[in-house]
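One structure is given below, encoded as structure tokens.
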Amino acid sequence: MDPRSSAQDVHRCDLCETAIVHSYCDFCHVNLCKLCIADHISDGYDKHKIVPFQERRSILIYPKCGTHSHKNCDWQCKNCNDIFVCSSCTASEKHRGHIFIEVSEAYTTKKNAIADEANTLENLISPTYEVIALDLENQLANLDGGYEKLTTAMSKQGEQWHREIDIVINKMKTEISEIKVKHRDLLQKHLDEIKQTQALIKQTLLAIEELKKSTEVSPTIEYSSKIIEFSKLPPKVKITLPTFIPKPLDHEKLYNMFGQITPLSTATEQNVLSLNQPNTSVKTLLDEPELVATIQTGYEKLRSVTYLKEDCVWTCGLTKDIKCFNIKGALLHTVSNKSKQWPNDIAVDSEGNLLFSDATSRTVNKVNNGQTEELMRLQEWVPCSLCVTFNGDLLVTMFSDDRTQFKVVRYLGSTEKQTIQFDDEGKPLYSKIVSIKYITENRNHDICVADCEAKAVVVVNQNGKLRWRYIGHPSVTKKKSFIPYGITTDSQSRILTADYYNHCIHILDQNGQFLRYIDNCDLEYPLGLCVDNNDNLFVSEHLNGNVKKIKFLR
């Protein structure tokens, strides 16, 4: 047996190919026994680096200096776009006063980052793509069964009709087949895109594996991370099967009355990959919520409050001014609405920019670096409450100009993506009476609206289907009707809503079950609510203009 090909044999010298390896040339990457070391270095080449075999590939191969060819580049100049320089360059007039970092330090940092990237690709991004691909494959696998049910239903309906109905049946089956082809093509298209990206990820992992084994400095440092590119996940495709709707027999209207085939309904649910996952540890309710701080805003009638960062909140009331305060009550910023009208509501987007709705101009606006820009201007509708979702969409509640309709609209940028207005029976989900209806999104992507005129919290899923309504909790201590205004959610998917006239907060689980009140912090006419990143609750008190910070979880 060739000893070099034996999987169980020890490492052999690359020169004599028989003796057990003793050393290693870290420059030539050659295994050497004791006797062959002298032969290897006998060529007089002064770059050989003979090290113990256990320490092989430990010596970095530095790039040569372009100016001083006899020296290696041990440094990078931060002032010159991180170019490689040698010790002589660092002392030259060209680089006088510049900042330098050791190449070995940059190499180690980049090696660690590459290792982290490999871990992220292998353990987070790649498995996520597997899940998406599996979902599409399952949809494809179930496709025939779903369409078979449709054709069976049509056949049963056709058996009750005269022979001439067969023409109608065949025509509709053809439509079904065409839709099925389109359905399959859509799913296959998305699956092919996923497979292509998965191939690119595997290719990147192979390249990274080579870098991990390599001691070459330049390609390692020059490696460009693919994390951001691969973190932009494709949308999750959900294509709803068409439905067949049979109708009563009517010979004169044979085709129309036989039934109706709905078109394909394609819904894309945005996949968002969070590389910095928030702390999702289980938190329980405190036996007694604690009042942490009170901010006096100076508003005569305070309405909304929304969290900005690090104990800073934006507030608005019945004035044109929107004010930002820190937890000590210091006024940090003031933004004035150009229309001189008070804003209907405020929110903060994922980049920390202030958003506000203006009923007078029918606009939703963004404040960026102190400058107000118009995001959208509605026609025949008036914007009310705002909510920035976890994937960056914007939910806007609005009522019609004639004040007979109310709806929730989801926007991506200024593009309308979804409208939520009616239940499955075509009945309005929300009351038509014009009033501020606060809105929030839960961690499970449910959309929660506090409908004060309906005296209910109305919750629909992300597709707009009604899940449940909450109309208050029987209590001997709460004498007045449940009138919910502000609404928010915590990290545990609990829902909190302000009971204005009973001066308290209701806490519900994600399925609408009452858990407890917050009624021990001397709240007075609570209106707006928001929760910060640490699950502290901020409550705006309408009539006295205060914002209270309350700790309610442990």
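The values are calculated or read from the model by the stated rules, or taken from the named source; none is laboratory data. All figures in this text were calculated on a predicted structure; none of them were measured in a lab. Here the Cβ is made from the backbone with ideal geometry for all residues, glycine too, and neighbour counts use every protein chain on show. We work out accessible area using only protein heavy atoms, side chains counted, and drop any ligands, DNA or RNA first. Shrake-Rupley method; radii C 1.70, N 1.55, O 1.52, S 1.80 Å.
In debye to the nearest 20, how big a dipole does the stretch 173-215 give about its Cα centre with +1 on each Lys and Arg Cβ and -1 on each Asp and Glu Cβ?
Roughly 120 debye for the stretch 173-215.
When a/c is below 1.5 the answer is rounded, else prolate if a/b is larger than b/c, else oblate, so apply that to the chain with a ≥ b ≥ c taken from the square roots of the Cα gyration tensor eigenvalues.
In terms of gyration-tensor shape, oblate.
Could you report the accessible area of Arg469 in Å², rounded to 10, computed with a 1.4 Å probe on the protein chains as they sit in the structure?
Looks like 110 Å² after rounding.
If you place +1 on the Cβ of every Lys and Arg and -1 on the Cβ of every Asp and Glu, how big does the dipole about the Cα centre of the stretch 341-440 come out, in debye to the nearest 20?
Computed charge dipole of the stretch 341-440: roughly 160 debye.
Compute, for the chain, the length of the dipole vector about the Cα centre, with Cβ point charges of +1 (Lys, Arg) and -1 (Asp, Glu) only. Units Debye, rounded to 20.
For the chain, the charge dipole is close to 1020 debye.
Which entries of Lys189/Lys232; Lys478/Lys548; Lys320/Lys480 have Cα-Cα distances beyond 24 Å here?
The pairs that break the limit, which is 24 Å between Cα atoms, are Lys320/Lys480.
Sorting check: for 210-218, 432-440, 336-344, which peptide has the highest mean count of neighbouring beta carbons within 10 Å, and how do the rest follow?
Ranked from most to least packed, the peptides come out as 432-440, 336-344, 210-218.
Determine the share of the stretch 352-466's accessible area contributed by carbon and sulfur atoms, expressed in whole percent, with a 1.4 angstrom probe.
C and S atoms contribute 42 percent here.
Over the stretch 356-481, what lengths in whole Å, largest first, do the semi-axes of the equivalent ellipsoid take, defined as the square roots of 5 times the eigenvalues of the alpha-carbon gyration tensor?
26, 16, 16
I'd like to know which of Ile239, Val30, Phe514 lies farthest towards the positive end of the charge dipole of the chain, counting +1 on Cβ of Lys and Arg and -1 on Cβ of Asp and Glu.
The residue sitting farthest along the positive end of the dipole is Phe514.
Of the options Val434, His40, Val10, report the single residue whose Cα projects farthest towards the positive end of the charge dipole of the chain (beta-carbon charges: Lys, Arg +1; Asp, Glu -1).
Result: Val434, furthest along the dipole toward the positive end.
In Å², and per residue, what accessible area does the chain have when probed at 1.4 Å with the other protein chains present?
Heavy-atom accessible area per residue stands at 53 Å².
Order Val21, Val181 by their accessible area, 1.4 angstrom probe, all chains in place, largest first.
Output order, biggest surface exposure first: Val181, Val21.
Past 32 Å, Cα to Cα, is the threshold; run Lys149/Lys407; Lys202/Lys283; Lys238/Lys427 against it and keep the listed order.
Lys149/Lys407; Lys202/Lys283
Quick check: with the 1.4 Å probe, what order do Tyr501, Tyr430 take by accessible area, largest first?
Largest accessible area first, the list is Tyr501, Tyr430.
Which of the aspartates and glutamates could be linked to Lys366 by a straight reach, that is with a Cα gap under 19 Å, when you skip same-chain ones fewer than 8 residues away?
Asp321, Asp345, Asp349, Glu351, Asp358, Glu374, Asp393, Glu416
Treating the angle as unsigned and between 0 and 90°, give the value, to the nearest 10°, between the Cα long axis of helix 143-158 and the longest Cα principal axis of the chain.
30
Note down the accessible area of Val292, probe 1.4 Å, to the nearest 10 Å².
The accessible area comes out at roughly 80 Å².
List the aspartates and glutamates whose Cα lies under 20 Å from the Cα of Lys34, skipping any in the same chain that are fewer than 8 positions away.
Excluding near neighbours in sequence, the set is Asp9, Asp14, Glu17, Asp26, Asp43, Asp46, Glu55.
With Cβ to Cβ distances under 10 Å as the rule, what net charge do the other residues near Phe390 carry (K, R +1; D, E -1)?
Once all neighbours under 10 Å are counted, the net charge is -1.
Take each of the peptides 98-109, 388-399, average the number of other beta-carbon atoms within 10 Å over its residues, and list them starting from the highest.
Averaged packing, sorted descending, gives the order 388-399, 98-109.
With every protein chain left in place and a probe of 1.4 Å, what is the accessible surface of Arg362, to the nearest 10 Å²?
80
Taking just the alpha carbons, could you work out the radius of gyration and Dmax for the stretch 473-513, both in angstroms?
Just the Cα atoms of the stretch 473-513 yield Rg and Dmax of 10.5, 31 Å.
Is it possible to state the helix-based mean residue ellipticity at 222 nm for the chain, with each DSSP H run of 4+ residues giving -39500 (n - 2.57), the sum divided by total residues, to the nearest 500 deg cm²/dmol? What is it?
Computed ellipticity for the chain at 222 nm equals -7500 deg cm²/dmol.
What is the Cα coordinate range of the stretch 24-136 on the first, second and third principal axes, sorted by size from largest, in whole angstrom?
Extents along the principal axes, in whole Å: 63, 50, 19.
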